[in-house]
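**Q** Got a structure here, written out as structure tokens. Questions coming.
A short reminder: the numbers here are calculations on the coordinates, not readings from a lab. Owing to the predicted nature of the structure, the values given are computational and were not obtained by experimental measurement. Cβ coordinates were reconstructed from backbone atoms using ideal geometry, including for glycine residues, and neighbour counts include every protein chain displayed.
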Amino acid sequence: MFEISLRYKVDSDSESACSNSEAESDEETDDSDDSPKRGVQRRRLKNQKASRTLKGTPRAPRNTPRSTPNIPSRHDPRPSPASHLEEARSRLHVSAVPESLPCRENEFSDIFGFVESKIVDGTGGCMYISGVPGTGKTATVKEVIRVLEAERDEGNLNAFKFVEVNGMRVTEPRQAYVEILKALTGVKATADHAANMLDNMFTHPAPRSDPVVLLVDELDLLWTRKQDVMYNIFDWPTKQKAKLIVLAVANTMDLPERMMIKRVASRLGLTRMTFQPYTFRQLEQIVASRLKGLKVFDGDAVQLAARKVAAVSGDARRALDICRKATEIAEEKTSDSKMVTMMDINSAVEQMFCSPKIMAIRNLSVQEQMFLRAVVAEFQRAGIEEAQFSKLYDQHQILCRFEGIHSPTMTEVAALCYRLGSIRLLLVEPGHLDLSMRVRLNVSQDDIMYALRPEGSSDL
């Protein structure tokens with residue numbers, strides 16, 4: 001009985017398999033006979049099955065390209081200043097572009113003549129421009145370039161290219177090669193490859209290449225141990241066929257002799273210019289030129305601000321900031337008279353220079369204040385706002401002898417340095433045996449000089 005059922009099952013399976021194969025063969029013959037129609041029918045059946053199986057399930061969204069969001073355009077015009085004080089405050093901002101640069105006419109003429117003559121002659125050259133911060137070095141150079149570009153566009157001057165490199169904007173000194181090459185050719189390359197390409201470009205220039213005016217701002221930040229960046233920048237203009245005019249700007253007058261070896265310093269040549277600090281008369285004229293047509297300051301208010309700044313640094317930016325702060329104080333007055341007075345200037349000075357850091361400096365011990373003086377003196381001597389502890393220790397000893405006070409040991413001075421770093425007046429990096437550790441200021445030099453001014457001094 002079991003064998004009969006098993007044999008019947010096998011026979012049925014074989015018959016069904018044969019029938020399936022015959023059906024498939026029939027379908028193949030039918031497809032061969034009428035393949036286009038059969039293909040259309042199959043696609044319809046497939047779509048119907050898919051719609052039945054996917055009924056009730058969410059359909060996958062199409063991959064439509066997403067547009068990049070844009071900043072909405074401003075339909076309304078920029079509102080005009082509501083009062084004369086608001087207009088004065090906008091003009092006194094350090095980022096506002098003035099109509100003219102007063103008190104630097106001689107320096108402007110010298111730089112303009114130097115660059116123009118090099119462009120006309122088709123030769124290279126280098127000018128080293130130095131001066132304390134806030135004396136208008138970079139602003140004067142950019143004004144010269146603006147006038148030269150206007151002359152070029154009018155057809156009164158040969159074509160030239162202008163490239164600007166700022167030591168504050170590069171991650172490391174050799175990145176300057178990359179910035180220069182990108183500005184001249186639009187090509188991105190590594191620092192080594194860019195240096196080789198620039199060397200070939202200036203050593204073997206094209207016959208009809210245009211002169212290049214290169215502004216190197218904050219030159220002291222491009223210093224390296226090998227000094228290869230400075231050497232190349234000052235060596236390229238000396239090539240026989242190079243048409244490169246370099247304008248190097250730094251804060252220290254004798255930076256080449258102090259920070260560079262002789263081969264680099266010799267490349268600078270004799271073309272140098274020093275921007276002297278502004279006098280109080282010049283600062284008063286600078287502020288008055290910004291306020292031309294506005295009568296919002298008393299006659300002696302601007303002079304008071306100019307005298308306070310000139311007594312410390314002669315920084316025009318600091319004078320503009322004080323006057324701008326004074327306009328904010330005057331605007332908060334309840335009286336009808338919205339004029340900036342001498343009392344407003346004094347209030348602005350107190351608010352700007354009476355920060356918690358200045359109060360902390362005033363409450364330091366004599367030796368700690370002396371060490372801060374030594375830091376400022378070393379920074380002004382070297383032209384770089386970073387120094388080794390060994391250099392600061394030497395400056396501290398000199399100041400102690402000059403003031404006639406006790407000179408502490410190196411261990412005691414190191415303890416002073418670490419304490420000033422703990423209260424964040426200094427930024428101290430650890431070094432070997434404390435002698436090579438790097439020290440930087442965490443507060444401006446003007447704030448230190450203001451905090452340590454003699455008692456009873458009426459100047460800033």
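**Q** Could you tell me which trypsin sites (Lys or Arg not before Pro) in the stretch 145-226 are loop residues by DSSP with no more than 15 other beta carbons within 10 angstrom of their beta carbon?
**A** When the trypsin sites (Lys or Arg not before Pro) of the stretch 145-226 are filtered for loop state and at most 15 Cβ neighbours within 10 Å, R169, K188, R208, R225, K226 remain.
**Q** Distances over 17 Å make up what percent of all Cα-Cα pairs in the stretch 358-451?
**A** 43 percent
**Q** With a/c under 1.5 counting as rounded, go ahead and sort the stretch 119-226 into rounded, prolate or oblate using the C-alpha gyration tensor (a ≥ b ≥ c being the square roots of the eigenvalues; past the cut-off, prolate if a/b is larger than b/c, else oblate).
**A** It comes out oblate by the Cα gyration axes.
**Q** Count charges around D446 for me, please; just the other residues with Cβ under 9 Å from its Cβ, Lys/Arg as +1, Asp/Glu as -1.
**A** After counting each charged neighbour, the total is -1.
**Q** May I ask you to give the average projected area over all directions of the convex hull of the Cα atoms of the stretch 280-353, in nm² rounded to one decimal?
**A** The orientation-averaged projected area of the Cα hull of the stretch 280-353 comes to 4.5 nm².
**Q** What is the dipole size for the stretch 105-275, taken about its Cα centre, with +1 at each Lys and Arg Cβ and -1 at each Asp and Glu Cβ, in debye to the nearest 20?
**A** I would put it at about 640 debye.
**Q** Here's a follow-up. May I ask for the net charge around A191, where only other residues with Cβ less than 14 Å from the Cβ of A191 are counted and Lys, Arg are +1 while Asp, Glu are -1?
**A** Net of charged neighbours comes to -1.
**Q** Kindly provide the GluC sites (Glu not before Pro) of the stretch 102-178 that DSSP labels as loop, not H, G, I, E or B, and whose Cβ sees at most 11 other Cβ atoms within 10 Å.
**A** Here the GluC sites (Glu not before Pro) that fit, given the DSSP loop and packing criteria, are E154.
**Q** Further question: Quick check: from the Cα gyration tensor, does the stretch 355-403 come out rounded (a/c under 1.5), prolate or oblate?
**A** oblate
**Q** Which residues among the stretch 132-159 fall inside the zone where the amide N is under 15 Å from a point 7 Å beyond the Cα of V97, along Cα→Cβ?
**A** It comes to 139-151, nothing else.
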